[in-house]
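Below is one structure, written out as structure tokens; the observations come after it.
The values are calculated or read from the model by the stated rules, or taken from the named source; none is laboratory data. Bear in mind that the values here come from a model prediction, so they are computed numbers and not experimental data. In this analysis, Cβ positions are derived from the backbone assuming ideal geometry, glycine residues included, and neighbour counts consider all displayed protein chains. Calculation scope for accessible area: heavy atoms of the full protein, side chains included, ligands and nucleic acids excluded. Shrake-Rupley method; radii C 1.70, N 1.55, O 1.52, S 1.80 Å.
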Amino acid sequence: MHCFANDHEIIALANLKPEQSVQELDSYMFQTVGCDVIDIYSEAMELPLYRREILGSSLEISTDYKTNSKDEVEDLFELLSLVKQKHPEVEGVSVGAILSNYQRVRVEHVCSRLNLVSLSYLWRRDQSELIKEMMDEGLNAVLIKVAAMGLKKSHLGKSLNEMHSTLININKLYDVHICGEGGEYETLVLDCPLFKKKVILDEVEEIIHSDDEYAIVAFLKIKKAHLEEKLNFGISAESKKSLKERNLVTVPQISDDEWPSVRSDSTNFNKNDTLKYETSTKNNSQVIDTSSFIKKHPYFYISGLVASTSSDVEKETKEIFKLIKDLLDDNCLTLEDAILVSVYIKDMKLFPILNNQAVVILDQGYFSGQIGLVPCNMKLEYETATTEFTKKKEFESLNSEVVFSLTSLGHCLEALQMSLKGKENLVYCICFITSSAYKDFVYSIWKNYTLDDEIPICFITVSGLPRNCKVEWHVVCSVPKNRSLLLSLAREVNDYETDSEVEEFQNGISSKTISFKGIKYI
């Protein structure tokens, strides 16, 4: 519904199902309860439906997914490959993930391989607001599985409207996710404004999976269902506007009077602090000019390192890191002293191999690659070539990008209980811009967002950035000393079972690398 509200055209439906003899699959990724009724969704929405049997299993369960032909994620890849083959015009995939980084990362991995955009309109939404929005917008979904304290077999088949007060109550009592994001329950949509016919369940069978005294696990097997005509269908203009506004970021407009003053905002930058580095190669060996590294207390900068020969990206990376290590050794430093490493590649096809957008090492978080795309369509708000802009329009475009990129960055930090405000939270920032003329303008907005003008920031002018954007952010942040959060994350992936193990990890004694959803802790 959010895709439709944001002017996307829904082309096809896709679904992964278990083997015919299996009702519920033990999957980290996919809901299989209710799979018997999925075929009639095609007629309900008058759209083609593509289905594939799940042949793989949950093998690659660490934070970062690595392609494994026997993992169930590859079944998703094959299914979406089929859809793209049948519909070459398809550009994106709608994802209903609300909280699971595990699922989001894998869907995005598949989408990146197929050159598709993953649209996650529900991501990190407040669940109490979201479930009310579903009911208000006419989505009729019933519970077809229960698996949590406070939920009973008698709740099977009941709608979200009927269960709303119960879900609110058990959320308060047992911290159950209101939208079932912890697997507490599963639902089946019987009707929504996008359905041209509604689903009627004629015959169901209750199956008890685990008759636990405190939290029974039970689900419905759909034995027979049919469709009924609807008098009205479609999303009203009012609902479309309401849904669209929930994903909007407000970009402050620059008036004729304000624009010159913002444009000429003075900064404390000293032109002598601007550094230019140059490197050269000679006889296939790396030659480091004296300008390639510089000490500027309390920082030590190294720049312009390239491999001696061009082979594959992994070998080149290892060689460059050896160069870095040798330089650090000469200055009584180690890689443990490194704050930030920026890697430049000649082909974006290599990016998935090297990409790690959010990494947390002990007490610092590293975030890269934030650009100003509009979340609902993953495009720049202003896509006209800069040469066609007036000077004012050019900076309005820049203003839009900075606001969207900093807002996205702020959301990423909030998800990890960090903040974009103040020097107690921000350690360092690198801002890439495509024109040196943008520096003062971007810096003025940065100061307004961070509420601090003492955070070290380095502006780097480059010839181009992804998606033809004008600004990109890389930041280093302080991680809150939140032992309870760390403990819950550690237990979530079963790397650490006891408080003492987590305490050992926190104190930096353990050298084991562990992965949490979307983040790496080392």
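Listed values, structure above:
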{"read-out": "Debye, to nearest 20: dipole size of region 96-139, +1 on Lys, Arg Cβ, -1 on Asp, Glu Cβ", "value": "340"}
{"read-out": "Derived scalar couplings ³J(HN,Hα) [region 133-139; Karplus, 6.51 cos²θ - 1.76 cosθ + 1.60; whole Hz; x for Gly, Pro]", "value": "4, 4, 5, 5, 8, x, 8"}
{"read-out": "Fully extended contour minus Cα-Cα distance, from Asn68 to His226, at 0.36 nm per residue", "value": "53.0 nm"}
{"read-out": "At most 14 other Cβ within 10 Å, DSSP loop - trypsin sites (Lys or Arg not before Pro), region 20-105", "value": "Lys66, Lys70"}
{"read-out": "Heavy-atom accessible area order for Asp136, Asp64, largest first, 1.4 Å probe", "value": "Asp136, Asp64"}
{"read-out": "For region 46-54, 3J(HN,Hα) per residue [Karplus equation, 6.51 cos²θ - 1.76 cosθ + 1.60, θ = phi - 60°, Hz, x = Gly/Pro]", "value": "6, 9, x, 10, 10, 10, 9, 6, 7"}
{"read-out": "Residue-span extension gain [Glu91 to Lys392] - 0.36 nm each, minus C-alpha spacing", "value": "105.1 nm"}
{"read-out": "Area accessible to solvent at Met149, 1.4 Å probe radius, in Å²", "value": "80"}
{"read-out": "Under 15 Å, Cβ to Cβ, from Glu129 - net charge with Lys/Arg +1 and Asp/Glu -1", "value": "-2"}
{"read-out": "Per residue convex hull volume, Cα atoms of region 30-126, in Å³", "value": "123"}
{"read-out": "Karplus (6.51, -1.76, 1.60) ³J(HN,Hα), θ = phi - 60°, over region 434-439, in Hz, Gly and Pro reported as x", "value": "8, 8, 5, 5, 7, 4"}
{"read-out": "Relative packing of peptides 215-226, 233-244 - highest average C-beta neighbours within 10 Å first", "value": "215-226, 233-244"}
{"read-out": "Cut-off under 5 Å, modelled amide H: who pairs with Val93 long-range", "value": "Val117, Ser118, Leu119"}
{"read-out": "Distance (nanometres) between label positions extended 7 Å along Cα→Cβ at Glu424 and Ile460", "value": "3.1"}
{"read-out": "Label point distance in nm, Leu327-Lys241, each placed 7 Å from Cα along Cα→Cβ", "value": "5.7"}
{"read-out": "Other-chain or far-sequence residues with amide H under 5 Å of Ala141's (modelled H)", "value": "Leu160, Asn161, Leu190"}
{"read-out": "Cut-off 11 Å (backbone N to label point 7 Å along Cα→Cβ of Ser112), residues of region 402-438", "value": "none"}
{"read-out": "Rounded to the nearest 10 Å², the accessible area of Tyr65 at probe 1.4 Å", "value": "10"}
{"read-out": "For Val427, distant residues with modelled amide H under 5 Å away", "value": "Val476, Cys477, Ser478"}
